[in-house]
Amino acid sequence: MSQPELPEIDYSEPLNRAFAQIDAGVELAIVTFNDIVDQVRRWFFSVAPPVLLWVRRRLGEVREALREVVDRVERAAEHQTPVLALISTSFAWLEQVRMPVSGCVSAIGEPADDRFAAWTGDAATAYAAKVDRQRAAAAEVADRADFISRWLFEIARANVDYAIELARIVTALAGKLVEAAIEIGTVIDIPWAIEALAEATGDLVRAGLDNLLRIGERFVDAIGNVRDVQARLSDHSRLPGGEWPQAVRG
């Protein structure tokens with residue numbers, strides 16, 4: 001009997017890569033923002049007070065956007081290890097439960113001795129009935145293991161997609177800050193560079209957070225299916241006779 005296929009993608013590596021990009025992006029963004037603030041401070045006495053107040057307000061908007069993203073990063077980082085555990089557990093349900101159990105389905109009832117094939121009468125009938133129940137129970141266990149694995153995998157995948165999107169936001173934000181730092185070359189360029197930075201940062205963070213919200217809704221939906229999981233595991237109606245066979249119960 002052919003073995004069931006495992007999911008094609010193990011999301012552990014993409015998750016770790018996303019967090020590596022996030023860490024590097026956050027560090028670059030913070031360092032660059034501080035550098036921009038230092039450059040603006042050097043020109044304090046060369047800028048008219050109204051312009052200086054306007055620049056400070058716009059920089060404050062950039063700081064708040066950066067802080068909001070960093071807060072998201074910190075919360076996501078707290079879940080990196082649990083998500084990796086979800087991924088490994090999902091595969092464990094396939095490798096350690098579904099694969100061996102499903103491999104037993106066709107083997108159940110195969111006579112270990114050719115003399116069993118010659119059985120007749122009540123003993124043969126009783127044996128065949130018990131084999132059918134055992135085979136059905138094993139098939140149900142394999143099916144439920146696959147169900148749980150897919151459920152865990154969907155939760156993990158939503159978390160990975162969240163981390164990948166967060167990495168994209170952080171990388172883009174760091175890029176905008178670097179562009180602004182380069183453009184601030186003279187006192188004349190400061191207002192225009194800060195204005196462009198504030199606008200780009202605001203648009204980027206708003207769009208990115210909207211995407212994160214949609215991904216988060218997928219995660220919540222997957223978590224919400226825990227009731228379906230509990231119902232599936234507690235439902236014995238699909239089992240022969242409404243309960244696990246004695247041979248399975250032990």
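Read-outs: derived from the displayed coordinates by stated rules, not from any lab. Values in this document were obtained by computation on a predicted structure and should not be read as measured data. Every residue, glycine as well, gets a Cβ built from its backbone with ideal geometry; the counts of neighbours run over all protein chains shown.
Quick notes on this structure:
- Relative packing of 25-35, 78-88, 145-155, which averages over residues the other C-beta atoms within 10 Å, highest first: 145-155, 25-35, 78-88
- Shape class of the stretch 23-67 from the Cα gyration tensor (axes a ≥ b ≥ c, square roots of the eigenvalues): oblate, since a/c reaches 1.5 or more and a/b does not exceed b/c.
- Using the Cβ of V70 as centre and a radius below 14 Å, the other residues enclosed give a net charge of -3, where K and R count +1 and D and E count -1.
- Taking packing as the residue-averaged number of other Cβ atoms within 10 angstrom, the listed peptides 57-67, 132-142 run from highest to lowest as 132-142, 57-67.
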